[in-house]
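J.: Pasting a structure below so you can have a look.
The values are calculated or read from the model by the stated rules, or taken from the named source; none is laboratory data. Being a predicted model, the structure only gives us computed values, none of them experimental. Please note: Cβ atoms are built from the backbone with ideal geometry, for glycine as well, and neighbour counts cover all protein chains shown.
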Amino acid sequence: MNKPCALLLLPLLLLSCGKTREPVTMTLVSYNVGVFSKYEDNTVPQVADVIRGADATLVALNELDSCNRRHATFQLKELADDLGGWAYQFASAFPFAGGAYGNGVVSRDRVISRYRVHLPKSDGSEPRSVAVVETDRCVFASVHLDYVGERSQIDQVNALNDWFKAVYTGAKKPVLLCGDFNAEPDSEAIRLMRESWTQLSGTDFTYSTKNPRKCIDYVFAWKEAAPVEVLSSEVLTAGTETLSDHFPVKVVVKF
């Protein structure tokens, strides 16, 4: 072999000897926990068991109390501690009973950035929020849309889309959004979501645990970020019937 050919082959040989990145598999859970007291008092330990049983990496939580007269504890931290000291982010949606009420995320992975995104009230019942964390491997967020007016849901979807477009378009890691959207699959809010997000979860009923009749809880991935592959999606019904009025949604992804 002459020297020019050998020199051309050398970079290829070096590349073939280099390390390749292994695919990442993660389990995502979306759960409206109903302030851990819809049907039983303080279901934090049972919800922690559900999270462990699902082998979750990241969990989006809706309807959380923080140090108010209804629940004196910081519920999200209580859950994170029960899980063995997971990282967490709370996003207050509005002040409530001397404390706060909102959404949160717990993460088994290290969190490197945290955000709270305000969503408009419009014609809805109350303001809403998005809790966002960024880990070394992905961006993960929890949202709870208003339940009263379709106009408020659409305005809230537009607001969250504007924020993610400004901050995470072109992200080299997946950007994932979960939560209780209070909107069924054929609603305008979910149609609008699908313009910018890929729906990863299915359409099995998630509400209510006493009379399952609606799919209103979802897991989405931002289309303008790194793509993900869905390995499985399911609604966790067994053993969760009395923990909240919503069933948790579990999605396993690979990227």
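J.: List the pairs whose first member sits in the range 215-230 and is polar (S, T, N, Q), whose second member is crowded, with 22+ Cβ neighbours inside 10 Å, and whose Cβ atoms are under 8 Å apart, counting only residues at least 6 apart or on separate chains?
T.: Note: no pairs meet the criteria.
J.: Might you check whether a residue that is assigned to a loop (DSSP other than H, G, I, E, B) and either hydrophobic (A, V, I, L, M, F, W, C) or modelled with pLDDT of 95 or more (or both) occurs anywhere in the range 6-18? Spell out how you get there, then give the answer.
T.: First pass over the range 6-18, keeping only residues assigned to a loop (DSSP other than H, G, I, E, B): 18.
Retained after the next criterion (residues that are either hydrophobic (A, V, I, L, M, F, W, C) or modelled with pLDDT of 95 or more (or both)): none.
So far as the range 6-18 goes, no, none of its residues is assigned to a loop (DSSP other than H, G, I, E, B) and either hydrophobic (A, V, I, L, M, F, W, C) or modelled with pLDDT of 95 or more (or both).
J.: Looking at residue 82, is it within 17 Å of residue 236 (Cα to Cα), at pLDDT 95 or above and of a type in the set (Asp, Glu)?
T.: Answer is no for this residue.
J.: Being of a type in the set (S, T, N, Q), at negative phi, touching a strand residue (DSSP E or B) at 6+ places or on another chain (Cβ under 7 Å) and at pLDDT 95 or above, is that true of even one residue in the range 39-60?
T.: yes
J.: For the range 71-113, enumerate the residues that are small (Gly, Ala, Ser) and surrounded by 17 or more Cβ atoms within 10 Å (Cβ to Cβ). Talk me through it step by step, then tell me what you get.
T.: Quick first cut of the range 71-113, residues small (Gly, Ala, Ser) only: 72, 80, 84-85, 87, 91-93, 97-100, 102, 104, 107, 113.
Across the range 71-113, the qualifying residues are 80, 87, 91, 92, 93, 99, 100, 102, 104, 107.
J.: Among the residues of the range 158-184, what is the count of those that are assigned to a helix (DSSP H, G or I) and either among the aromatic types (Phe, Trp, Tyr) or in contact with a Lys or Arg (Cβ under 8 Å, 6 or more places away or on another chain) (or both)?
T.: Of the residues in that region, 3 qualify.
Yes/no matrix, rows are residues, columns are (1) basic (Lys, Arg); (2) surrounded by 17 or more Cβ atoms within 10 Å (Cβ to Cβ); (3) over 26 Å from residue 90 (Cβ atoms); (4) touching a Gly at 6+ places or on another chain (Cβ under 9 Å):
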{"site": "155", "(1), (2), (3), (4)": "no, yes, no, yes"}
{"site": "162", "(1), (2), (3), (4)": "no, no, no, no"}
{"site": "171", "(1), (2), (3), (4)": "no, no, no, no"}
{"site": "203", "(1), (2), (3), (4)": "no, no, yes, no"}
{"site": "224", "(1), (2), (3), (4)": "no, no, yes, yes"}
{"site": "227", "(1), (2), (3), (4)": "no, no, yes, no"}
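Per-residue answers, yes or no, for (1) under 24 Å from residue 53 (Cα atoms); (2) over 16 Å from the mean Cα position of the chain (by Cα); (3) not in a helix (DSSP H, G or I):
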{"position": "186", "(1), (2), (3)": "no, yes, yes"}
{"position": "193", "(1), (2), (3)": "no, no, no"}
{"position": "198", "(1), (2), (3)": "no, no, yes"}
{"position": "210", "(1), (2), (3)": "yes, yes, yes"}
{"position": "219", "(1), (2), (3)": "yes, no, yes"}
{"position": "233", "(1), (2), (3)": "yes, no, yes"}
{"position": "239", "(1), (2), (3)": "yes, yes, yes"}
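J.: Turning to a different aspect of this structure: Hey, does the range 32-45 have a residue that's more than 23 Å from residue 206 (Cα to Cα), surrounded by fewer than 22 Cβ atoms within 10 Å (Cβ to Cβ) and not small (Gly, Ala, Ser)?
T.: Let us first name the residues in the range 32-45 that are more than 23 Å from residue 206 (Cα to Cα), namely none.
No, every residue in the range 32-45 fails to be more than 23 Å from residue 206 (Cα to Cα), surrounded by fewer than 22 Cβ atoms within 10 Å (Cβ to Cβ) and not small (Gly, Ala, Ser).
J.: Scan the range 198-219 for residues that are closer than 29 Å to residue 23 by Cα and either touching a Cys at 6+ places or on another chain (Cβ under 7 Å) or not hydrophobic (A, V, I, L, M, F, W, C) (or both) and report the count.
T.: The total comes to 9.
J.: Looking at 58, 64, can you tell me which residue is in contact with a Ser or Thr (Cβ under 8 Å, 6 or more places away or on another chain) and surrounded by 15 or more Cβ atoms within 10 Å (Cβ to Cβ)?
T.: Answer to the selection: 58.
J.: While we're here: For the range 38-56, state whether one or more residues are touching a Cys at 6+ places or on another chain (Cβ under 9 Å) and closer than 22 Å to residue 129 by Cβ.
T.: Restricting attention to the range 38-56, the residues satisfying the condition of being touching a Cys at 6+ places or on another chain (Cβ under 9 Å) are none.
No, the conditions are met nowhere in the range 38-56.
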